[in-house]
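S.K.: Have a look at the structure that comes next, please.
The values are calculated or read from the model by the stated rules, or taken from the named source; none is laboratory data. From a predicted model like this one, the values you see are computed outputs, not experimental measurements. Cβ placement follows ideal geometry from the backbone for every residue including glycine, while neighbour counts extend to all protein chains displayed. Quick note on the areas: whole protein, heavy atoms, side chains included, nothing else; ligands and nucleic acids left out. Shrake-Rupley method; radii C 1.70, N 1.55, O 1.52, S 1.80 Å.
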Amino acid sequence: MSDPVVPLTLEGAAVLHQMFRIRWDEWRALDAHSRHVALEEAGEWLQIKEGAEGGEQSAAYALLGHKADLLLLHFRRDFTGLLEAEQNVRQARIGRYLELAHSFLSVVELGLYESTRKIHEELAARGLAPGTPEWDAAVEETLDRQRKAMASRLWPEIPESRYICFYPMDRRRGEQKNWYQVPFAERQRMMHEHGLVGRKYAGSVRQIISGAIGLDDWEWGVDLFSDDPLAFKRLIYEMRFDEISAVYGSFGRFFIGIRAPSEKMDALMRGDVRGAIG
Amino acid sequence: MSDPVVPLTLEGAAVLHQMFRIRWDEWRALDAHSRHVALEEAGEWLQIKEGAEGGEQSAAYALLGHKADLLLLHFRRDFTGLLEAEQNVRQARIGRYLELAHSFLSVVELGLYESTRKIHEELAARGLAPGTPEWDAAVEETLDRQRKAMASRLWPEIPESRYICFYPMDRRRGEQKNWYQVPFAERQRMMHEHGLVGRKYAGSVRQIISGAIGLDDWEWGVDLFSDDPLAFKRLIYEMRFDEISAVYGSFGRFFIGIRAPSEKMDALMRGDVRGAIG
Amino acid sequence: MSDPVVPLTLEGAAVLHQMFRIRWDEWRALDAHSRHVALEEAGEWLQIKEGAEGGEQSAAYALLGHKADLLLLHFRRDFTGLLEAEQNVRQARIGRYLELAHSFLSVVELGLYESTRKIHEELAARGLAPGTPEWDAAVEETLDRQRKAMASRLWPEIPESRYICFYPMDRRRGEQKNWYQVPFAERQRMMHEHGLVGRKYAGSVRQIISGAIGLDDWEWGVDLFSDDPLAFKRLIYEMRFDEISAVYGSFGRFFIGIRAPSEKMDALMRGDVRGAIG
Amino acid sequence: MSDPVVPLTLEGAAVLHQMFRIRWDEWRALDAHSRHVALEEAGEWLQIKEGAEGGEQSAAYALLGHKADLLLLHFRRDFTGLLEAEQNVRQARIGRYLELAHSFLSVVELGLYESTRKIHEELAARGLAPGTPEWDAAVEETLDRQRKAMASRLWPEIPESRYICFYPMDRRRGEQKNWYQVPFAERQRMMHEHGLVGRKYAGSVRQIISGAIGLDDWEWGVDLFSDDPLAFKRLIYEMRFDEISAVYGSFGRFFIGIRAPSEKMDALMRGDVRGAIG
Amino acid sequence: MSDPVVPLTLEGAAVLHQMFRIRWDEWRALDAHSRHVALEEAGEWLQIKEGAEGGEQSAAYALLGHKADLLLLHFRRDFTGLLEAEQNVRQARIGRYLELAHSFLSVVELGLYESTRKIHEELAARGLAPGTPEWDAAVEETLDRQRKAMASRLWPEIPESRYICFYPMDRRRGEQKNWYQVPFAERQRMMHEHGLVGRKYAGSVRQIISGAIGLDDWEWGVDLFSDDPLAFKRLIYEMRFDEISAVYGSFGRFFIGIRAPSEKMDALMRGDVRGAIG
């Protein structure tokens, strides 16, 4: 297989992670009625977004630690939808008590390493070369087929799990170890092995990968969802020994959040943890 | 060809990217009339700059994420023109609601790798050596000719595309992989291959490269313009497998913006996304 | 032993380090009565948490230097308990005078390198392979046994020592020196040698290791407790010559604190050092 | 020549670069009379310093981009003179509208690579060894002679050029490529070649090198002065292919400024660009 | 000599460097009487600390550049003494005009490379092995003897020199060049050569090394004291060519200060440089 082969890739929902610090002093200085009105408004907006279709939802999480207090995770049909979500939050009454500390912009992505390998083998067997009309037609046909088959993963519903773990990552481009210089077959093998570890945790951890090359400062974003936060630690520790992570993984900041459903927004903003996430 | 050969380079318009955070709290605290007057003034200024000639325009973009809210992209005849643009924005009524979070200073640049190769070959064939008067005259003549031929690319109009992607970049100077130590012929080959990938996207992505060596903290700035933001992701992902990007590319922060034309500045500052960019 | 072998690992209490800057100007501007009430409230809360069972305690330390002024160290049964501790501090009267400058989220961890080696040897001797039901059952049985034997280390009481030293760390994943690519037997030997140095200081330094892979920006957190702060320096200097630290250790920021017990919170916030920690 | 040979070095004026952000909001909120008085005072101070002797001048530049708005460049006889310049600015009426964002402390420096080579050859030819009284006397005599010959470069007047380019730099100390381990003769050759490129631009660019080892966070500061800002870009791009820059150069942030003479301080602070620098 | 040998090390005074930004606007807004009272109080405190015994003194320095304005250097018997010094400054009237921008926590340290070599040789000659009671007794006896002989260096008086240069440093732990993997005899030789360069400057520069492993973010702090600030530059430049610095040195930020004695605190805070340090 001639190199470098770029894996076929499908894109779905546009994704924005917003990590806010809450301006607690100002919020608590607000009178009870204004707080109530702001929370009503915020809760209603969130409730609608929680109930939207796959690929159009938003969800809220209380974050642990000093990096930020609140994560809003938005899936939308496109970037205009994300800009609108940003403005909805900013223009809402609660918006002036939220300070945007971090964010991550990406697009749900499925990297079709296995399909890429197959199509290259098949077309080469038929004597076709990349760039020919037949080749391009075959690729397009594969992408269309997979796009339909994978629709629910490309436009996912946000899992209802209690915990979220988000982190951005790159594939390393070191002077000796450079992912983008590794032959396709090697990359495909490493991705496959990596997937086997993920599969072991399939019962306890749901994963959504989004691509951010050309969109944000890291190449990918990883969202893990689970009812057991230790599953994040075990899964990522085990994966770290995979060749692909050990040698080629470069990781950004990790954010751990606890789901705060719309009907409990009120308790969260009162600092009532058991009420907010119980 | 004796090394290190510095590629011949043409320079055109001076460029300034300004990324602002909007002080929403203060802006919204302003009375409606004052907001209206400030927006009228800003819209008029921007409208004039949108309609200026190539190499003298400004354009506004709403940015996604926490890095900044508003990108003003300025092309001018020289640095004094850019300083003036900076002061125009700062002294305008709207200026006190804009906090400059990032910027990038550069000059539109065309690297003439192909011409450099040709001229070196021709002159060497004629037995001339670099630094001789004949050599310098021939180089000057080439530059003049190209400067005329490339005038519209050196003093470009800002494309009307809906989306912009901006990022700064360096060529790596690692201990083993060092772009500035690669023989010219190798560099030229890699640039050529890189261009072929770019050409595949010519229908959907317009690109303006500007040079910043000696002007800002990265060596180049890249502006991509498209009506389909996923084209940024696909183009950059495909290019990342090119030898020149895989091995020698080092990238800064990525900024993604949606064009906000002057007549819709009002909607943008009201948080009306569909109105501002619809 | 087939590689890469992931060491068996036990997890215990959830841990949150909170490093606060005290807003001294605002605090001192507060009237004496309000200060008294706030300190009473804070002191009572802390006293209860100091007296809680192992794995559910909190403790306060005055930090040296500019990084922060106050460290609150929380151990809890789970992450919800930690979020509650965060909210308790934030919602308390004293909370508005505390600015969260840093934090670290982790889980008490025991890495069972020795047990991992033994179980691999035994099971291999019995002809069993990893992933078989017998293998998994044997692993589960070992983990259960160790979890009981190690309960007091997994759910530790916070030592009463006068000084604390906290720092986060990674195992290096360099292009040549990569911990996650080292064969298990080598890793186990290095961990063992590392432990021998630690044991020399067992009389003067207590150590609690917590894991943060997938939870925070470093892989582990290290808490050392001692009545002699020079013991931290000697222990870590000696360890730095260990192969595991010299070659594979990567360290974050170091925080040094002096225990500030609940009954002396009052003196601490008055700036009375001898009264607060004497 | 025995290694490592430290090149003989001459030091002249003490140099301080101060990069200020202007507090525009507060400045514009000031009444016209107070602004006038503050500008009179600042203009007079600057006028005196512009007219001082070489090695004792100050000059002002309007900076482009978000890093800072105003560069004050001070040359003085010693560090006490620089501290005084700092305090002059801070205590002036205009001082409270200037926020110090960056700075760089250094001493004008001439590295005598060529003289070092010669003296080593001569003295070795006479059979003398480094550290002997004869050797030290000969070195001292050379330094004295050069100090007189180079006086105007050691205590330079600030060029009147319209543009300034300032950046700090280090020589690389990598694991394989380490400037401080390169034999003296190699270093001297590379410095010599580097100088040849500089000489090509002698007509359009003036350069002042200052040393900051032991004084600030980078080893050297480079100030370039020109009436054509593109000359900075061309000079530095061409030099980047020199072995010394390509392999051993490590560069900090770049600052580009436009000279703002004292009599036009008023226009600059009104945001009147053409008036201030025209 | 078996490796890795940890050099014997003596510890003395606890050291805290505090780098403050002065809140000039607020300070100048204060009425003259309150300023006077605050300065009297600060001056008296500092005078007492300047006159304390070796190992218990404090001193003040005016810093150059934007990193900070004022350095307070504290030597104390222990960390509680340092925490008290911190609180003394913070609780003083002047404290609210001082913003702590940087700090460094360490302990005066003497690394006994030469004694370590001797004792290893002697004990090995007597057939003793490390870790035996005889060996430990001999080491303890050496440390005791040296501790007495070196007392004035372990509990130093702060030199009265006009200038201070402070910087933190690490020994490199690179993938190829790793100080902590170098055989002891090599390390001892490099330390010895390094000391010879230092000795050349003994007449003009006094040096105090403090250790910070386990205490702060760098391994060591270096304080240089001189009446000629160019001596800092010359000493450090010459040392940078030493193998130990060239290959294994990694340096933090450099701070340059001018001594501001207690009786001139008043002039310093008025911005009267000649009065404060003349």
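S.K.: So, of the residues in the range D:172-182 that are touching a residue at least 12 places away in the same chain (Cβ under 8 Å) and of a type in the set (Lys, Arg), which turns out to be farthest from the other protein chains (Cβ to nearest Cβ)?
M.R.: Result: D:Arg172.
S.K.: Find the residue count for the range D:8-20, including only residues that are at the interface with chain E (Cβ under 10 Å from one of its Cβ atoms) and buried (at least 18 other Cβ atoms within 10 Å of the Cβ). If you could, list the steps in order and put the result at the bottom.
M.R.: Going residue by residue through the range D:8-20, those that are at the interface with chain E (Cβ under 10 Å from one of its Cβ atoms) are D:9, D:11, D:14, D:16-20.
Filter once more, keeping what is buried (at least 18 other Cβ atoms within 10 Å of the Cβ): D:9, D:14, D:16-20.
The qualifying residues number 7.
S.K.: Something else about it: If you take just the helices (runs of 4 or more DSSP H) that sit entirely in the range A:129-204, which of them hold at least 1 residues that are of a type in the set (Val, Ile, Thr)? Lay out the reasoning, then the answer.
M.R.: Values: elements: A:133-149, A:151-154, A:184-200.
Ranges flagged: A:133-149, A:184-200.
S.K.: For the condition of a type in the set (A, V, I, L, M) and free of Cβ contacts under 8 Å to residues at least 40 places away in the same chain, what is the one hit in C:Leu100, C:Leu39, C:Leu83, C:Leu105? I'd like the intermediate steps shown before the answer.
M.R.: On the way: C:Leu100 fails: free of Cβ contacts under 8 Å to residues at least 40 places away in the same chain; C:Leu39 fails: free of Cβ contacts under 8 Å to residues at least 40 places away in the same chain; C:Leu105 fails: free of Cβ contacts under 8 Å to residues at least 40 places away in the same chain.
C:Leu83 is the lone residue from the list that is of a type in the set (A, V, I, L, M) and free of Cβ contacts under 8 Å to residues at least 40 places away in the same chain.
S.K.: Residues that are under 27 Å from D:Ala267 (Cβ atoms): find the strands (runs of 3 or more DSSP E) completely inside the range B:4-95 holding 3 or more of those. Let's see the steps before the verdict.
M.R.: Details: elements: B:9-22, B:58-63, B:70-76.
In the range B:4-95, the matching strands (runs of 3 or more DSSP E) lie at B:9-22, B:70-76.
S.K.: Could you tell me which residue of the range B:49-101 is nearest to the chain's Cα centre (by Cα), considering only residues that are within 14 Å of chain A (Cβ to nearest Cβ) and of a type in the set (Gly, Ala, Ser)? Before you say what the answer is, go through the steps one by one.
M.R.: Residues of the range B:49-101 that are within 14 Å of chain A (Cβ to nearest Cβ), as a first pass: B:60-71, B:97, B:99, B:101.
Keeping just the survivors that are of a type in the set (Gly, Ala, Ser) gives B:60, B:62, B:65, B:68, B:101.
Numbers: B:Ala60: 14, B:Ala62: 17, B:Gly65: 20, B:Ala68: 18, B:Ala101: 18 Å.
Here the answer is B:Ala60.
S.K.: I've got another one for you. Take the conditions among the small types (Gly, Ala, Ser), away from every other protein chain (no Cβ under 11 Å) and farther than 25 Å from A:Gly211 by Cβ and apply them to B:Ala185. Does it pass?
M.R.: Details: among the small types (Gly, Ala, Ser): yes; away from every other protein chain (no Cβ under 11 Å): yes; farther than 25 Å from A:Gly211 by Cβ: yes.
It is true that B:Ala185 is among the small types (Gly, Ala, Ser), away from every other protein chain (no Cβ under 11 Å) and farther than 25 Å from A:Gly211 by Cβ.
Here's the yes/no breakdown for (1) of a type outside the set (Val, Ile, Thr); (2) modelled with pLDDT of 95 or more:
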| position | (1), (2) |
| --- | --- |
| A:Arg187 | yes, yes |
| A:Met191 | yes, yes |
| A:Val197 | no, no |
| A:Arg206 | yes, yes |
| A:Met239 | yes, yes |
| A:Ile258 | no, yes |
| A:Arg270 | yes, no |
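S.K.: Do the conditions hold for D:Gln91, that is, is it buried (at least 17 other Cβ atoms within 10 Å of the Cβ), farther than 27 Å from B:Asp216 by Cα, free of Cβ contacts under 8 Å to residues at least 24 places away in the same chain and out of contact with any strand residue (DSSP E or B) (no Cβ under 7 Å at 6 or more places or on another chain)?
M.R.: Taking the combined requirement at face value, the residue does not satisfy it.
S.K.: Okay, moving on. Look through the range A:240-267, keep the residues that are within 15 Å of A:Leu72 (Cβ to Cβ) and open to solvent by less than 20 Å² (accessible area, probe 1.4 Å), and return whichever of them is farthest from the other protein chains (Cβ to nearest Cβ).
M.R.: Among them, the one singled out is A:Ser262.
S.K.: Could you check C:Glu193 against (1) among the acidic types (Asp, Glu); (2) within 14 Å of chain A (Cβ to nearest Cβ); (3) over 30 Å from A:Arg171 (Cβ atoms) and say which number it fails?
M.R.: (2)
S.K.: What is the one condition in (1) free of Cβ contacts under 8 Å to residues at least 12 places away in the same chain; (2) surrounded by fewer than 16 Cβ atoms within 10 Å (Cβ to Cβ) that C:Pro130 does not satisfy?
M.R.: Every listed condition holds for C:Pro130 apart from (1).
S.K.: Is one or more of the residues making up the range C:21-37 within 27 Å of C:Tyr167 (Cα to Cα) and either at the interface with another protein chain (Cβ under 8 Å from one of its Cβ atoms) or open to solvent by less than 10 Å² (accessible area, probe 1.4 Å) (or both)?
M.R.: The initial filter retains those residues of the range C:21-37 that are within 27 Å of C:Tyr167 (Cα to Cα), namely C:21-24.
So of that shortlist, the ones also either at the interface with another protein chain (Cβ under 8 Å from one of its Cβ atoms) or open to solvent by less than 10 Å² (accessible area, probe 1.4 Å) (or both) come out as C:24.
Looking for residues that are within 27 Å of C:Tyr167 (Cα to Cα) and either at the interface with another protein chain (Cβ under 8 Å from one of its Cβ atoms) or open to solvent by less than 10 Å² (accessible area, probe 1.4 Å) (or both), one finds at least one in the range C:21-37, hence yes.
S.K.: If you don't mind, another one. Within the range A:112-140, take every residue that is at pLDDT 90 or above and among the polar types (S, T, N, Q) and give me the one that is farthest from A:Val5 (Cα to Cα).
M.R.: This residue is A:Ser115.
S.K.: Please work out which one of (1) away from every other protein chain (no Cβ under 11 Å); (2) of a type in the set (Lys, Arg); (3) closer than 30 Å to A:Gly54 by Cβ is the condition A:Arg162 fails and give its number.
M.R.: (1)
S.K.: List every residue pair whose Cβ atoms lie under 8 Å apart, where the two residues are 6 or more positions apart in sequence or sit on different chains, the first residue falls within the range B:157-171 and is under 18 Å from B:Asp69 (Cα atoms), and the second residue, located anywhere, is of a type in the set (Asp, Glu).
M.R.: From the range B:157-171, the pairs are B:Arg162/B:Asp227; B:Tyr163/B:Asp227; B:Tyr163/B:Asp228; B:Ile164/B:Asp223; B:Cys165/B:Asp223; B:Phe166/B:Asp223.
S.K.: Is at least one residue of the range E:175-196 surrounded by 19 or more Cβ atoms within 10 Å (Cβ to Cβ) and within 20 Å of the chain's Cα centre (by Cα)?
M.R.: no
S.K.: Condition first: open to solvent by 10 Å² or more (accessible area, probe 1.4 Å) and more than 14 Å from chain B (Cβ to nearest Cβ). Now tell me which residues in the range A:213-235 satisfy that.
M.R.: If the condition is that a residue be open to solvent by 10 Å² or more (accessible area, probe 1.4 Å) and more than 14 Å from chain B (Cβ to nearest Cβ), then A:Asp227, A:Asp228, A:Pro229, A:Leu230, A:Arg234 are the ones that fit.
S.K.: Cβ-Cβ below 7 Å, separation at least six or inter-chain, first residue in the range B:188-199 and within 15 Å of B:Val247 (Cα to Cα), second not in a helix (DSSP H, G or I): which pairs?
M.R.: Close Cβ pairs (under 7 Å, with a partner that is not in a helix (DSSP H, G or I)) amount to B:Glu193/B:Asp242; B:His194/B:Asp242.
S.K.: Can I ask one more? I'm trying to understand the selection: among the residues of the range B:49-67, which are open to solvent by less than 10 Å² (accessible area, probe 1.4 Å) and either at positive phi or in contact with a Ser or Thr (Cβ under 8 Å, 6 or more places away or on another chain) (or both)? Talk me through it step by step, then tell me what you get.
M.R.: Taking the range B:49-67 as the starting set, the residues that turn out to be open to solvent by less than 10 Å² (accessible area, probe 1.4 Å) are B:55, B:58-63, B:65.
Within the range B:49-67, B:Gly55, B:Ala60, B:Gly65 qualify.
S.K.: Among the residues in the range E:229-243, are any touching a residue at least 60 places away in the same chain (Cβ under 8 Å), in contact with an Asp or Glu (Cβ under 9 Å, 6 or more places away or on another chain) and hydroxyl-bearing (Ser, Thr, Tyr)?
M.R.: No; the residues of the range E:229-243 include none that is touching a residue at least 60 places away in the same chain (Cβ under 8 Å), in contact with an Asp or Glu (Cβ under 9 Å, 6 or more places away or on another chain) and hydroxyl-bearing (Ser, Thr, Tyr).
S.K.: So, one more: Quick test for you: out of C:Ser204, C:Ser210, pick the one residue that is more than 29 Å from A:Gly252 (Cβ to Cβ), surrounded by 15 or more Cβ atoms within 10 Å (Cβ to Cβ) and among the hydroxyl-bearing types (Ser, Thr, Tyr). Talk me through it step by step, then tell me what you get.
M.R.: Numbers: C:Ser210 fails: more than 29 Å from A:Gly252 (Cβ to Cβ).
Exactly one residue qualifies, and that residue is C:Ser204.
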